[in-house]
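The values are calculated or read from the model by the stated rules, or taken from the named source; none is laboratory data. This structure is a prediction, so every number in the text was calculated from the model and none was measured. Every residue, glycine as well, gets a Cβ built from its backbone with ideal geometry; the counts of neighbours run over all protein chains shown. Ligands, DNA and RNA are excluded from the accessible area calculation, which covers all protein heavy atoms including side chains. Shrake-Rupley method; radii C 1.70, N 1.55, O 1.52, S 1.80 Å.
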Amino acid sequence: MENPDTKTTISPPPQEPDPKKLKMSTTTTSDDDETTTMDTTKKQRYKRRKVAIFFAYCGVGYQGMQKNPGAKTIEGDLEEALYLSNAVPEQDRNNPKRYDWARSARTDKGVSAVGQVVSGRFYVDPPGFVDRLNSNISPQIRIFGYKRVTASFNAKKFCDRRRYVYLIPVFALDPSAHRDRESVLASLGSDKEFVKCLECSERGRKVGGLMGKRNYELRGTSFGLDISSNTNESMVESEFNEETKVSPDNAGGDDSKSEPKNEISTSSNNNGVSGVEVEDSEDTDLNSEPLNDTTKVSVGEENANGEEKPEKGSGSEFCYGEKEKDRFNRILNCYEGTHNFHNFTTRTKAADPAAWRYIISFNANTTVTVGGMDFVKCEVVGQSFMLHQIRKMIGLAVAIFRNCAPDSLLEIALQKDVNVNVPTAPEVGLYLDECFFASYNQKWGDSHEELSMKDYEQEAEDFKMKHIYPHIASTEQKEGVVGLWLHSLNHRNYPDLCTTGADNDGNTSNEESVDVGNVEDSINLCIEGQVK
């Protein structure tokens, strides 16, 4: 009999052992494997490369090349295009120092370029880098291509020399075209009547923003001469700034001016144009694509003495022939060599070493016909240039050629101890043609690509014909910027251009020079209030 006090122990049913934990497999699925492979490939492919980028731009509507806060600049648009094209990462946006940014040249407001170069470290892969840049930038800027360079390359420091071109209308070299108002009025009824620009001179004898403030100074003596004594209060003294568009009140000549044809042609014969009739201008958007393909462009190497096209109402004809070319080249050649160009820039003192610059060559041997208007092509090559230097060199050369100043004034302006107020030619005709890297190519030519415009010559020429040349011609035809500027080349605006005498028609003689011995007489003129 079972004892009730005895307790029976019932063991729990056996539990199944815990399933063995599986070890993490080092293998991945096909999807994971594909993702990992893509990440690895991306890191290997997208490496920063040190490159030099070649490009061109039309400067209309831009405040120059160099980036400036609050201003629309070429550099600002290019940096943004590099970011949008994935060439610059987010953390480096608006911080060009992080990718070694450097430019070969700085161009002024409104100045164009066809051979500009910048350098930096960019993501140029995958293929299509140039197309991506062009798709994210204004049509006024055209990227030609890029070339790999050494890690130490700097577009500014390694640029040996730069070539600029200035297109000056042929009529600007005609001494009888676009005279100052006093000379035009004084010539009425005479055998040398200046009728070419009477309407133009009524509008713009003074051009705001083009005149400087310094007077001719020599050995501590300052003086100014005013050849013109006409102080008629009825004179119209309209001031124009660089953005003013001219609308003549009394337009003279033929109003039925035909529009330029839609063609680009090459011609070996160039016709001299003695003047230009300024048309009423229409409001245009400077930020839009510059002009069009509707301007006829023809280029002629070496000037040909073809039949001239005198301006209506002109009493004489002017052509940029061999005689004129030789004289203008003699003037430009005076700039060649090493000189102190403190008078040809702003904010640079004569004692500043930066005022010394070396000009390799300066000549004007060819003419270019754009939209029926002839231009003289002035080419200057130098190591480097200062602000407004080229425009001032052109300004003084034109003043001398037009007999507004003596030949000796150029030599005086290059002296260190003399201050001369030099005219500044309009910016519209100037463009950067090419940057040269001769020393770099010689040193690294065996291991790296040659840095030059040889591979982009045709693209650069097409850009000039489509954008830059039509813009220069159209601006002159609509606004007459050069014609208005020529009226400022008188002794009222630039006392330093004065000579010891002038003929009855207002012409000054090349052979006359500034007579320092007549300083007292000049000062007396200033005291009498003749110089304003």
What's the center-to-center distance, using Cα atoms, between the range 55-104 and the range 408-454 in Å?
23 Å
Accessible surface, the range 340-496, averaged per residue in Å² (probe 1.4 Å):
32 Å²
Return the sequence-ordered ³J(HN,Hα) values of the range 408-418 in whole Hz as given by the Karplus equation 6.51 cos²θ - 1.76 cosθ + 1.60 applied to θ = phi - 60°, using x for Gly and Pro.
5, 5, 5, 5, 5, 5, 8, 7, 6, 9, 10
With a 1.4 Å probe and all protein chains left in place, how much of the accessible area of the range 357-495 comes from carbon and sulfur atoms, in whole percent?
43 percent
Amide H of residue 72 versus every other amide H placed in the peptide plane: which residues, excluding those fewer than 5 positions away on the same chain, fall under 5 Å?
63
Computed E for residue 90/residue 455 - FRET, C-beta separation, R0 30 angstrom, nearest 0.05
0.40
Accessible surface of residue 334 - all protein chains present, 1.4 Å probe, nearest 10 Å²
70 Å²
Once amide hydrogens are built 1.01 Å from N within the peptide plane, the residues lying 5 or more places from residue 357 or on another chain with amide H under 5 Å from its amide H are 339, 341
Apply the a/c threshold of 1.5 to the C-alpha gyration tensor of the range 45-119 and tell me whether it is rounded, prolate or oblate.
prolate
At 1.4 Å probe size, with no ligands or nucleic acids counted, give the accessible surface of residue 342 in Å², nearest ten.
0 Å²
Cα-Cα longer than 26 Å, checked against 47/156; 72/454; 109/478; 325/454; 157/377; 156/325, kept in input order, equals 72/454; 325/454; 157/377; 156/325
At 1.4 Å probe size, what's the solvent-accessible area of residue 408? Round to the nearest 10 Å².
40 Å²
